[in-house]
Ligand SMILES: [Zn+2]
């Protein structure tokens, strides 16, 4: 089992178990694909951070997002089509260029 911050995404609810401030800072959460490429990270990192399916991750939760890998978040934000309605955090990342 993984130690540290265990997030269980149930809809948009977030449950933190075994919360540990040190590990929270050190560990990144990477977003992964679902479907054919299930488990593959959006980014190319091979660190031992946690993997969470992008589709099921509570990405509109700022506390959760703070722990996510920036590269993964950027891939997610860029996956929206222009003209699509998306959350403000997505626009913020897209506007960073
Ligand atoms: Zn990542």
- Query: Does at least one position in segment 13-28 carry a residue that is within 13 Å of the ligand (Cβ to nearest atom), assigned to a loop (DSSP other than H, G, I, E, B) and at pLDDT below 95?
  - Reply: yes
- How about segment 50-67: which of its residues are more than 8 Å from the chain's Cα centre (by Cα) and assigned to a helix (DSSP H, G or I)? 55, 56, 62, 63, 66
- Applying the selection to segment 52-73, what residues are within 10 Å of the ligand (Cβ to nearest atom) and surrounded by fewer than 17 Cβ atoms within 10 Å (Cβ to Cβ)? 70, 71
- Item | In segment 34-49, the residues that are within 13 Å of the ligand (Cβ to nearest atom), surrounded by fewer than 18 Cβ atoms within 10 Å (Cβ to Cβ) and more than 16 Å from residue 76 (Cα to Cα) | 46, 47, 48
- Of all residues in segment 74-88 being out of contact with any helix residue (DSSP H, G or I) (no Cβ under 6 Å at 6 or more places or on another chain), within 16 Å of the ligand (Cβ to nearest atom) and part of a helix (DSSP H, G or I), which is farthest from residue 41 (Cα to Cα)? 78
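The values are calculated or read from the model by the stated rules, or taken from the named source; none is laboratory data. Computed from a predicted model, the values in this text were never measured in an experiment. Virtual Cβ from ideal backbone geometry, glycine too; neighbours counted across all protein chains shown.
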